[in-house]
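*Asks:* Before anything else, here's the structure in question.
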Amino acid sequence: MAPKAFPFSKLALLFSAFLDNFRDTRRNLGNHWSPRSPFEFQNLEFLGQRPHLENQVLVFHAETVLLRSSSLFPYFMLVAFEAGSLIRALILFVLYPFICLCHQDLALEVMVFICFLGLKKERFTEGRAVLPKFFLEDVGRESFEVLRRGKLIVAISDLPQVMVESFLKDFLDVDFVVGRDLKACRGYFVGLMEERRDYNAFQVVKLSPHVIGVGCFRKCFEHEWFSNCKEIYLVDEQERRNWHQLPRDLYPKPLIFHDGRLAFRPTFWATLAMFMWLPMGFTLGIIRTIVVLSSLPFEIKFPILHLTGVRIKISNSELATMSNVNGALYVCNHRTLFDPLMLSSCLRTPLTAVVYSLSRVSEILSPIKTVRLTRNRGQDAELMSKVLSQGNLVVCPEGTTCREPYLLRFSPLFTEISDNIFPVAIDCHVSMFYGTTARGFKSLDPLFFSMNPRSTYSARFLNMVHRGAGDENGDDARTSNYKMANLVQSMIAEELGFSCTKLTRKDKYLILAANEGVVRKGGELKTETETKMK
């Protein structure tokens, strides 16, 4: 006779009842007192309804309270790919299914070890140059609007301090950030973390009469910071999934500059798609680059690019060609290294482009003539006037590329060499890789831009601007030049729907790469120390 299955089915029923009871306890935790703690747990939505929150000190767990996603894989993949290499990123990707089987804390330590082992400490800038963009895009609007009301905000993170500090302090105005320190040996990370002590933040929390904590169920008991809280509000997974993305216009500090090659959020499945695309993308990128750099006529070049996934849109080109006078000055914003090439193809006429930090490799491969500036105002003005007298000239007065919908300050130098200016509004969108970089090998920019599965490039020609446009009030020559440069900047910004800024090329490189954007032989950027030594 077969043995009865009753004991096993009864055990299964008991286990099922235990799980149901555990879920009910977690779901209704906000309505019950914790038997082990002197404070009361409530849901986060009640904190938003609390009056006089502006006078309170808030302590919150960054990953579980701010971010909508519960997976930290994308941020470590960004570190592995951008700060490490393609090989390091592949190792993390292959091992991640096994990492998921580990305990959450162990999985975090393994990913930190894979991503940081061997990285040079002083060269790690991804925490301020790459990660903030992706963190900001994952912030929940509902939680952020509640937390920003606090008088003092203390963020507790399980991630390394170098990954989260810039995002929380510089962009979200968090007062104190307490992450984990990474151990280093002779200037290199060894991939191990240790607890970090921030005595200033701890004293603020300890001396405050009433501290409010916000976290998830498990983290509230793991961090000593929450032991000083009189009240604790909880966030659960279901609540996080219902949050909306924080709109760009609500960022406390606008995101204007960011670096890195990846233009998408590298989730596990998106990363899989990238690795599968790379062989095809590299081949297609070579073909596209050859087509763009070739001297093929417009009627052949653009259809080939369109068939390979590159869409090119041209608007109002007749405004630029209605004057057949030789020596036209075209002024455009700067999105990619292909801007002068695409502009020349759109106009179907040869152009000369002025450059400063373009790598020698890109200059050699360029099918149009390039003239390297010296950053000496008098010499550059004389050189540009000479080139303009011999043919058409294209200038990008921003001096560097900008990925976001902003225009950097236009240098007024171009207003001194011509009375008639043809503004051009340039825009492009990529799906996988950015074709610009602030650190690394700039000679690879065209290849990365060409490796995108899909990309869109648009050129919109605007009405010609005359010299009198900036001198209607009888200003002196210098003031008139600045007004004319600002007028051209505002025209292009209005056409694209971008915002004008007073930031310069130097600001971008100091923020992202801690240098002034000087390129060494081979296309790699010099460090700030090397630049000063020169």
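The values are calculated or read from the model by the stated rules, or taken from the named source; none is laboratory data. Everything numeric here is computed off the predicted structure, so don't read it as measured data. Methodologically, a virtual Cβ is constructed for each residue, glycine included, from the backbone with ideal geometry; neighbour enumeration extends over all protein chains shown. Only protein heavy atoms, including side chains, enter the accessible area calculation; ligands, DNA and RNA are left aside. Shrake-Rupley method; radii C 1.70, N 1.55, O 1.52, S 1.80 Å.
*Asks:* Sort out which residues of the stretch 252-296 are free of Cβ contacts under 8 Å to residues at least 12 places away in the same chain and under 30 Å from residue 348 (Cα atoms), and write them in order of number.
*Replies:* Correct list: 283, 290, 296.
*Asks:* Related question: What's the number of the only condition in (1) farther than 30 Å from residue 453 by Cα; (2) in a loop (DSSP other than H, G, I, E, B) that residue 400 fails to meet?
*Replies:* (1)
*Asks:* Also: Sort out which residues of the stretch 159-189 are among the acidic types (Asp, Glu) and in a helix (DSSP H, G or I), and write them in order of number.
*Replies:* Residues satisfying the conditions are 165, 170.
*Asks:* When the stretch 139-158 is examined, which residues are found to be outside any helix (DSSP H, G or I), out of contact with any Asp or Glu (no Cβ under 7 Å at 6 or more places or on another chain) and open to solvent by less than 10 Å² (accessible area, probe 1.4 Å)?
*Replies:* Hits for the stretch 139-158 are 139, 140, 155, 156.
The rows are residues; the columns are (1) at pLDDT 85 or above; (2) of a type in the set (Asp, Glu); (3) in contact with a Cys (Cβ under 6 Å, 6 or more places away or on another chain).
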{"site": "225", "(1), (2), (3)": "no, no, no"}
{"site": "231", "(1), (2), (3)": "no, yes, no"}
{"site": "238", "(1), (2), (3)": "no, no, no"}
{"site": "243", "(1), (2), (3)": "yes, no, no"}
{"site": "247", "(1), (2), (3)": "yes, no, no"}
{"site": "252", "(1), (2), (3)": "yes, no, no"}
{"site": "257", "(1), (2), (3)": "yes, no, no"}
{"site": "260", "(1), (2), (3)": "yes, no, no"}
{"site": "264", "(1), (2), (3)": "yes, no, no"}
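*Asks:* For the stretch 430-451, which residues satisfy the criterion of being touching a Phe, Trp or Tyr at 6+ places or on another chain (Cβ under 8 Å) and part of a strand (DSSP E or B)?
*Replies:* 430, 433
*Asks:* Further question: Is it fair to say residue 188 is open to solvent by 40 Å² or more (accessible area, probe 1.4 Å) and of a type outside the set (D, E, K, R)?
*Replies:* Details: open to solvent by 40 Å² or more (accessible area, probe 1.4 Å): yes; of a type outside the set (D, E, K, R): yes.
Yes; evaluated as a whole, the condition is true for this residue.
*Asks:* Moving on. Let me spell it out: the conditions are (1) in contact with an Asp or Glu (Cβ under 6 Å, 6 or more places away or on another chain); (2) within 30 Å of residue 84 (Cβ to Cβ); (3) not charged (D, E, K, R), and residue 401 meets all of them except one. Which number is the exception?
*Replies:* Single failed check for residue 401: (1).
*Asks:* In addition: Could you grab me the full set of residues in the stretch 116-138 that are surrounded by 19 or more Cβ atoms within 10 Å (Cβ to Cβ), within 18 Å of residue 185 (Cα to Cα) and of a type in the set (A, V, I, L, M)?
*Replies:* Across the stretch 116-138, the qualifying residue is only 119.
*Asks:* Counting only residues that are basic (Lys, Arg) and open to solvent by 80 Å² or more (accessible area, probe 1.4 Å), how many does the stretch 222-247 have? Outline the logic, then answer.
*Replies:* Taking the stretch 222-247 as the starting set, the residues that turn out to be basic (Lys, Arg) are 230, 240-241.
If we keep only those that are open to solvent by 80 Å² or more (accessible area, probe 1.4 Å) as well, we get 230, 241.
So the count comes out to 2.
*Asks:* Is it the case that some residue within the stretch 176-185 is open to solvent by less than 60 Å² (accessible area, probe 1.4 Å), among the small types (Gly, Ala, Ser) and over 25 Å from the mean Cα position of the chain (by Cα)?
*Replies:* Checked the stretch 176-185: at least one residue is open to solvent by less than 60 Å² (accessible area, probe 1.4 Å), among the small types (Gly, Ala, Ser) and over 25 Å from the mean Cα position of the chain (by Cα).
*Asks:* Are any residues in the stretch 438-454 buried (at least 19 other Cβ atoms within 10 Å of the Cβ) and touching a helix residue (DSSP H, G or I) at 6+ places or on another chain (Cβ under 6 Å), and if so, which ones?
*Replies:* Correct list: 438, 443, 446, 450, 451.
*Asks:* Moving to a separate point now. Can you list the strands (runs of 3 or more DSSP E) lying wholly within the stretch 227-345 that have 2 or more residues being of a type in the set (Val, Ile, Thr)?
*Replies:* Details: elements: 231-234, 310-315, 329-332.
The strands (runs of 3 or more DSSP E) meeting that bar are 310-315.
*Asks:* Please find, among 98, 93, 113, the residue that is in a helix (DSSP H, G or I), open to solvent by less than 50 Å² (accessible area, probe 1.4 Å) and not basic (Lys, Arg).
*Replies:* Step by step, each of 98, 93, 113 is checked, and only 93 is in a helix (DSSP H, G or I), open to solvent by less than 50 Å² (accessible area, probe 1.4 Å) and not basic (Lys, Arg).
*Asks:* Also, quick follow-up: Here are 336, 283: which of them is in contact with a helix residue (DSSP H, G or I) (Cβ under 9 Å, 6 or more places away or on another chain) and of a type in the set (Ser, Thr, Tyr)?
*Replies:* Details: 283 fails: in contact with a helix residue (DSSP H, G or I) (Cβ under 9 Å, 6 or more places away or on another chain).
Unique residue meeting the criteria: 336.
*Asks:* A follow-up question, please. Can you find, within the stretch 248-289, the residue that is least open to solvent (accessible area, probe 1.4 Å) among those that are over 23 Å from residue 172 (Cβ atoms) and among the basic types (Lys, Arg)?
*Replies:* The residue in question is 288.
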